[in-house]
Amino acid sequence: MGLREDISIRIVPDGEDSRVDIRSASRYFESDLGSNAARVTKFIDDLNTAADADALKPVKKTPVAPPKAPAKTVKK
């Protein structure tokens, strides 16, 4: 694909929350001059911003559907 970095993201449940593990590594060079760390930091900031915004949204209550009536049996 021509990518110069490999990025791995793992999400693991942690109680009522989730733990996000992120790894970014250069594919061709030993040193990336901090670009992988900057990429991971930016992703974490964006993820936290999205999570905070989602937490501020009002909870939508789903209407409870009435239970279905049992099927009618016809005797012949």
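The values are calculated or read from the model by the stated rules, or taken from the named source; none is laboratory data. Just so you know, these numbers come straight off a predicted model, no measurement behind them. Virtual Cβ from ideal backbone geometry, glycine too; neighbours counted across all protein chains shown.
Quick notes on this one:
- The set of residues from segment 12-56 being in a helix (DSSP H, G or I) and of a type in the set (Val, Ile, Thr) comprises 40, 41, 44, 49.
- Considering only residues in segment 8-33 that are surrounded by fewer than 10 Cβ atoms within 10 Å (Cβ to Cβ), of a type outside the set (D, E, K, R) and modelled with pLDDT of 85 or more, the one that is farthest from residue 44 (Cα to Cα) turns out to be 15.
- Contacts under 7 angstrom Cβ, first residue in segment 35-48 being touching a residue at least 60 places away in the same chain (Cβ under 8 Å) and closer than 12 Å to residue 21 by Cβ, partner exposed (fewer than 13 other Cβ atoms within 10 Å of the Cβ) and of a type outside the set (Gly, Ala, Ser), 6 or more apart: none
- Residue 69 meets the conditions (1) aliphatic (A, V, I, L, M); (2) surrounded by 10 or more Cβ atoms within 10 Å (Cβ to Cβ); (3) part of a loop (DSSP other than H, G, I, E, B) in every case but one. The failed one is (2).
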